[in-house]
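Engineer: Supplied in structure tokens, the structure appears directly below.
The values are calculated or read from the model by the stated rules, or taken from the named source; none is laboratory data. The model shown is predicted, which means the values in this text are computed figures rather than measured ones. All Cβ positions, even for glycine, are placed from backbone atoms using ideal geometry, and neighbour counts span all protein chains on display. With ligands, DNA and RNA removed, areas are computed over all heavy atoms of the protein, side chains included. Shrake-Rupley method; radii C 1.70, N 1.55, O 1.52, S 1.80 Å.
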Amino acid sequence: MKAKDIQRHEDDVEAQLILAGDLSKLNATDRVAYYRGYCERIGLDPFTKPFDILRLNGKEILYLTRSGAQQLNKLHGVSHQITAREVIAGEVYQVTARATLPDGRHTESIGAVSVAGMKGENYCNAIMKAETKAKRRSTLDLLGLGILSEEEAVGMPDAAMVDISETPVQAPPDIVTGK
């Protein structure tokens with residue numbers, strides 16, 4: 001491949017990443033570099049796995065995990081208050097959460113889950129999921145991060161988790177032997 005063709009390919013990959021948020025064209029090394037850089041940019045510890053990757057509509061995108069949301073809340077001093085809980089038509093459980101920063105700025109977001117036909121432990125878990133979803137969505141909205149939360153990502157039709165553990169990454173040399 002000529003240097004000009006390589007540069008054009010790199011520019012295409014960068015455009016896919018920046019304009020479409022698509023990680024699928026990155027090789028393992030570039031994917032790790034992007035992940036680390038994104039974490040550092042918003043103040044998250046990449047070793048706690050604050051993001052996972054989701055394949056959605058032919059693109060691979062980052063979504064925020066529980067760990068990432070907890071770190072963002074702590075980093076920015078976000079507090080939450082549940083302002084409403086309701087069951088709609090006996091089928092949807094909806095929670096409204098207000099996220100507030102120390103300076104008083106706040107926003108509200110909802111988290112809704114289907115509870116149709118549920119009872120017992122499944123119903124309890126759905127209620128907790130709606131609350132967690134509302135809190136994370138309000139945090140992301142308040143902080144201006146246009147990324148999906150874990151609960152949103154998992155519930156999307158045609159979405160599949162990307163198993164990045166199977167992606168080959170060249171291991172760094174051993175500190176003792178240098179090999």
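Engineer: Among residues belonging to segment 41-58 that are loosely packed, with under 12 Cβ neighbours inside 10 Å and closer than 16 Å to residue 31 by Cα, point out the one that is modelled with the highest pLDDT.
Structural biologist: Restricting to residues being loosely packed, with under 12 Cβ neighbours inside 10 Å and closer than 16 Å to residue 31 by Cα, the top hit is 47.
Engineer: Answer yes if at least one residue in segment 110-120 is open to solvent by less than 70 Å² (accessible area, probe 1.4 Å), over 14 Å from residue 137 (Cα atoms) and part of a helix (DSSP H, G or I), and no otherwise.
Structural biologist: Checked against the condition, which is being open to solvent by less than 70 Å² (accessible area, probe 1.4 Å), over 14 Å from residue 137 (Cα atoms) and part of a helix (DSSP H, G or I), segment 110-120 yields at least one hit.
Engineer: Would you tally the residues in segment 77-89 being surrounded by fewer than 16 Cβ atoms within 10 Å (Cβ to Cβ) and farther than 16 Å from residue 127 by Cα?
Structural biologist: Keep residues of segment 77-89 that are surrounded by fewer than 16 Cβ atoms within 10 Å (Cβ to Cβ), which gives 77, 79, 81-89.
Checking the rest, the ones that are also farther than 16 Å from residue 127 by Cα come to 77, 79.
Within segment 77-89, residues that are surrounded by fewer than 16 Cβ atoms within 10 Å (Cβ to Cβ) and farther than 16 Å from residue 127 by Cα number 2.
Engineer: Let me ask another. Between residues in segment 119-136 that are touching a residue at least 60 places away in the same chain (Cβ under 8 Å) and of a type in the set (Lys, Arg) and residues that are assigned to a helix (DSSP H, G or I) and open to solvent by less than 70 Å² (accessible area, probe 1.4 Å), which pairs lie under 6 Å by C-beta distance while being six or more apart or on different chains?
Structural biologist: 136/69
Engineer: Considering only residues of segment 121-151 that are β-branched (Val, Ile, Thr) and not in a loop (DSSP other than H, G, I, E, B), which is surrounded by the fewest Cβ atoms within 10 Å (Cβ to Cβ)? Don't jump to the end; show me each part of the working.
Structural biologist: Residues of segment 121-151 β-branched (Val, Ile, Thr): 127, 132, 139, 147.
Subsequent filtering for residues that are not in a loop (DSSP other than H, G, I, E, B) retains 127, 132, 139.
Numbers: 127: 17, 132: 19, 139: 24.
Across segment 121-151, the extreme among qualifying residues is 127.
Engineer: Kindly check whether there is at least one residue in segment 13-28 that is touching a Ser or Thr at 6+ places or on another chain (Cβ under 7 Å), surrounded by fewer than 19 Cβ atoms within 10 Å (Cβ to Cβ) and of a type in the set (A, V, I, L, M).
Structural biologist: Of the residues in segment 13-28, the ones touching a Ser or Thr at 6+ places or on another chain (Cβ under 7 Å) are 28.
Still in the running and surrounded by fewer than 19 Cβ atoms within 10 Å (Cβ to Cβ): 28.
If we keep only those that are of a type in the set (A, V, I, L, M) too, we end up with 28.
Yes, there is a match, as at least one residue in segment 13-28 is touching a Ser or Thr at 6+ places or on another chain (Cβ under 7 Å), surrounded by fewer than 19 Cβ atoms within 10 Å (Cβ to Cβ) and of a type in the set (A, V, I, L, M).
Engineer: Can you name every residue in segment 78-98 that is assigned to a strand (DSSP E or B), of a type in the set (A, V, I, L, M) and touching a helix residue (DSSP H, G or I) at 6+ places or on another chain (Cβ under 7 Å)?
Structural biologist: Result: 82, 95, 97.
Engineer: Okay, next question. Within the bounds of segment 99-109, is there any residue that is touching a strand residue (DSSP E or B) at 6+ places or on another chain (Cβ under 9 Å), part of a loop (DSSP other than H, G, I, E, B) and at pLDDT below 95?
Structural biologist: no
Engineer: Further question on the same structure: Check residue 73 against each of (1) part of a helix (DSSP H, G or I); (2) at pLDDT below 95 and name the one condition it does not meet.
Structural biologist: Failed condition: (2).
Engineer: Please identify the pairs in which a residue from segment 69-95 that is more than 28 Å from residue 45 (Cα to Cα) has its Cβ atom under 8 Å from the Cβ atom of a residue that is open to solvent by less than 70 Å² (accessible area, probe 1.4 Å) and of a type in the set (Phe, Trp, Tyr), counting only partners at least 6 apart or on another chain.
Structural biologist: 85/93; 86/93; 87/93
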